[in-house]
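The structure appears below as structure tokens.
The values are calculated or read from the model by the stated rules, or taken from the named source; none is laboratory data. Because the structure is a prediction, the values reported are computed rather than measured. Note that each Cβ is placed from the backbone with ideal geometry, even for glycine, and that neighbours are counted across all protein chains shown.
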Amino acid sequence: MGYTDKMKAMCKFYFPVFLIILVATSCVSEAVQTKRDIERLLPPVPPSFKHTDSVRLIKNWSIGVRLYKKSCASCHGIFGKSKDTIPNFSKVQFDNYKTNFLAGDTANHAVMAKMTEEELQNIFLFLIDLKRE
């Protein structure tokens with residue numbers, strides 16, 4: 001077996017291994033980045049809150065961050081640039097969006113129509129704090 005054949009055999013063996021490592025690394029990196037975003041953006045919990053309420057608030061807020069990154073951020077931004085024609089949720093845009101949701105208007109957004117009320121409330125919890133003026 002010549003040198004070229006050995007290189008081809010090595011590439012055939014190591015290329016799938018390299019791809020697996022690359023994919024695993026990018027998944028870990030996304031999880032690490034999300035954790036950093038949560039730690040960086042987490043608002044202070046009011047001291048008047050009971051411990052159980054504080055834990056629930058932080059948990060729901062963290063879920064909202066993860067859901068937003070997964071379902072919303074690629075178009076609406078905050079964790080990246082929003083698309084040109086899609087709002088990046090200024091305070092007014094967010095208030096209008098939430099009003100439409102509370103009024104039962106799911107026609108304005110296909111992704112929102114697929115989410116549960118609890119998922120949307122968690123996203124809103126994250127956004128309302130982020131967009132507080």
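Restricting attention to region 111-127 and to residues that are in contact with a helix residue (DSSP H, G or I) (Cβ under 7 Å, 6 or more places away or on another chain) and β-branched (Val, Ile, Thr), the residue that is modelled with the highest pLDDT turns out to be ILE123. Quick check: anything in region 71-86 modelled with pLDDT of 75 or more and acidic (Asp, Glu)? No, that holds for no residue. When ASP95, ASP105 are screened for being modelled with pLDDT of 75 or more, farther than 22 Å from LEU42 by Cβ and not assigned by TED's automatic domain parsing to the domain that holds ASP37, only ASP95 passes.
Can you tell me which residue among VAL32, VAL55 is aliphatic (A, V, I, L, M), at negative phi and not assigned by TED's automatic domain parsing to the domain that holds ILE86?
On the way: VAL55 fails: not assigned by TED's automatic domain parsing to the domain that holds ILE86.
Criteria check complete, one pass: VAL32.
In the condition set (1) modelled with pLDDT under 85; (2) over 16 Å from ASP129 (Cα atoms), LEU41 is compliant with all but (2). Could you please let me know if THR52 is part of a helix (DSSP H, G or I), over 11 Å from the mean Cα position of the chain (by Cα), of a type in the set (Ser, Thr, Tyr) and modelled with pLDDT of 75 or more? Here the answer is yes, as THR52 does meet what is asked.
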